[in-house]
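**Q** My structure is below; once you've seen it, I'll send some questions.
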Amino acid sequence: MNKVPNHVAIIMDGNGRWATNRGLVRTEGHRKGAYMLEKLAVHILNTGTKYLTVYAFSTDNFKRPETEVTFLMNLFIKMFKSEMDNIIKNDIKVVFSGRKENLRDDVLEAMEYVSNKSKNNKKGILNICLNYGSQEEIVDATKKIVKDVQDGIINIDDIDKEMYYKYMYKDLPPIDLMIRTSGEQRLSNFMLYQLTYSELYFTDTYFPDFDEKEYDKAIDAYNNRDRRFGKIKDGSENK
Ligand code: FPP
């Protein structure tokens with residue numbers, strides 16, 4: 001029987017190259033990617049996976065040309081305000097991870113809008129990383145922990161690996177499968193703490209072409225992996 005990962009994460013890479021290869025402007029790749037994400041999130045969370053985390057915009061993506069940053073921010077607003085009906089209808093709750101600072105008010109407002117609209121949904125959680133950096137997340141979590149120690153809410157000896165999850169932007173379980181599209185094989189400051197024992201799957205397919213069929217190939221690969229979490233293979237102690 002197929003194992004279904006509880007928490008899947010995707011680095012949605014290759015939008016720009018997808019567009020350039022077709023003689024289109026890079027931003028067309030982002031537009032196509034956004035629509036693919038909507039379809040894919042419904043598919044993934046309908047297979048029994050409970051959490052899907054996607055990397056939509058890193059803190060470092062602000063270093064891209066202003067026109068591309070503006071296009072992406074406007075695309076996010078459009079998606080969150082009016083193009084995520086399928087996600088909402090499919091009982092998926094949308095949450096966000098990342099820093100709020102540097103984001104425009106209208107972007108924050110659109111994030112708030114879709115979070116509110118989907119807040120009672122139960123089938124699964126789509127966690128969108130926007131203005132996100134993993135080292136930043138660990139630093140921010142550490143500051144909150146130190147503050148709670150100073151305020152006497154927790155003791156220093158209470159701090160352990162599990163507690164860190166509760167102080168992340170969103171308290172979600174560890175990631176079981178991380179997919180990066182477009183042939184790049186890097187983590188790019190994404191979910192470093194939560195990926196500790198994750199299986200990693202890299203594909204040359206650009207994100208706008210990464211459809212349900214491509215996802216199912218990743219699941220087949222995941223099912224052929226032997227996850228040991230530092231132990232040896234089950235039942236092989238005496239061999
Ligand atoms: C990386 O491709 C992709 C991004 C920086 C943006 C990802 C955003 C989306 C897929 C839209 C998401 C939409 C919602 C609603 C959250 P790239 O531009 O680095 O591609 P390249 O490596 O080919 O240049």
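The values are calculated or read from the model by the stated rules, or taken from the named source; none is laboratory data. Since we're looking at a predicted model, the values are computed, not measured. Every residue, glycine as well, gets a Cβ built from its backbone with ideal geometry; the counts of neighbours run over all protein chains shown. Side chains included, ligands, DNA and RNA excluded: accessible areas come from the protein's heavy atoms. Shrake-Rupley method; radii C 1.70, N 1.55, O 1.52, S 1.80 Å.
**Q** Does residue 138 meet the test of being surrounded by 13 or more Cβ atoms within 10 Å (Cβ to Cβ), in a strand (DSSP E or B) and within 18 Å of the chain's Cα centre (by Cα)?
**A** no
**Q** Of (1) more than 18 Å from residue 54 (Cβ to Cβ); (2) in contact with a Lys or Arg (Cβ under 7 Å, 6 or more places away or on another chain); (3) of a type in the set (Ser, Thr, Tyr), residue 164 satisfies all except one. Which?
**A** Of (1) more than 18 Å from residue 54 (Cβ to Cβ); (2) in contact with a Lys or Arg (Cβ under 7 Å, 6 or more places away or on another chain); (3) of a type in the set (Ser, Thr, Tyr), only one is false for residue 164: (2).
**Q** Do you know which of the residues in region 198-213 that are assigned to a helix (DSSP H, G or I) and in contact with a helix residue (DSSP H, G or I) (Cβ under 9 Å, 6 or more places away or on another chain) is farthest from the ligand (Cβ to nearest atom)?
**A** Ranking the candidates gives 212 first.
**Q** If you check every pair at least six apart or on different chains, which have Cβ atoms under 6 Å apart with a residue in region 79-105 that is within 15 Å of residue 119 (Cα to Cα) first and a residue that is part of a loop (DSSP other than H, G, I, E, B) and open to solvent by less than 20 Å² (accessible area, probe 1.4 Å) second?
**A** Listed by first residue and then by second, the contacts come to 88/118; 93/118; 94/118.
**Q** Could you run through region 79-93 and say how many residues are in contact with a helix residue (DSSP H, G or I) (Cβ under 7 Å, 6 or more places away or on another chain), of a type outside the set (A, V, I, L, M) and more than 9 Å from the ligand (Cβ to nearest atom)?
**A** 3
**Q** If you take the residues in region 1-28 that are part of a strand (DSSP E or B) and away from the ligand (no atom under 12 Å from the Cβ), which one is farthest from residue 75 (Cα to Cα)?
**A** The extreme case among them is 7.
**Q** Next up: Counting only residues that are in contact with a helix residue (DSSP H, G or I) (Cβ under 8 Å, 6 or more places away or on another chain) and either acidic (Asp, Glu) or within 15 Å of the ligand (Cβ to nearest atom) (or both), how many does region 110-124 have?
**A** Adding up the residues that qualify gives 6.
**Q** Among the residues of region 145-165, is there at least one that is within 30 Å of residue 74 (Cβ to Cβ), open to solvent by 30 Å² or more (accessible area, probe 1.4 Å) and either away from the ligand (no atom under 16 Å from the Cβ) or in contact with a helix residue (DSSP H, G or I) (Cβ under 8 Å, 6 or more places away or on another chain) (or both)?
**A** no
**Q** Same structure again: Being open to solvent by less than 70 Å² (accessible area, probe 1.4 Å), farther than 21 Å from residue 173 by Cα and not aliphatic (A, V, I, L, M) narrows it down to one of 6, 15, so name that one.
**A** 15
**Q** Here's another thing I want to ask about it. Say whether the condition of being open to solvent by 10 Å² or more (accessible area, probe 1.4 Å), closer than 21 Å to residue 97 by Cα and over 13 Å from the mean Cα position of the chain (by Cα) is met by at least one residue in region 42-54.
**A** Taking every residue of region 42-54 in turn, at least one turns out to be open to solvent by 10 Å² or more (accessible area, probe 1.4 Å), closer than 21 Å to residue 97 by Cα and over 13 Å from the mean Cα position of the chain (by Cα).
**Q** Quick one: in region 70-79, which of the residues that are out of contact with any strand residue (DSSP E or B) (no Cβ under 8 Å at 6 or more places or on another chain), surrounded by 15 or more Cβ atoms within 10 Å (Cβ to Cβ) and not polar (S, T, N, Q) is farthest from residue 126 (Cα to Cα)?
**A** Of the residues in region 70-79, the ones out of contact with any strand residue (DSSP E or B) (no Cβ under 8 Å at 6 or more places or on another chain) are 70-71, 73-75, 77-79.
When the remaining residues are screened for being surrounded by 15 or more Cβ atoms within 10 Å (Cβ to Cβ), the result is 71, 73-75, 77, 79.
Applying the additional criterion that residues be not polar (S, T, N, Q) yields 71, 73, 75, 77, 79.
Numbers: 71: 22, 73: 18, 75: 17, 77: 16, 79: 14 Å.
Checking each candidate, the answer is 71.
**Q** Does residue 83 count as acidic (Asp, Glu) and surrounded by 14 or more Cβ atoms within 10 Å (Cβ to Cβ)?
**A** Taking the combined requirement at face value, the residue satisfies it.
**Q** Against the conditions (1) open to solvent by less than 70 Å² (accessible area, probe 1.4 Å); (2) within 30 Å of residue 217 (Cβ to Cβ); (3) of a type in the set (Asp, Glu), where does residue 106 fall short? Just the number, please.
**A** Exception for residue 106: condition (2).
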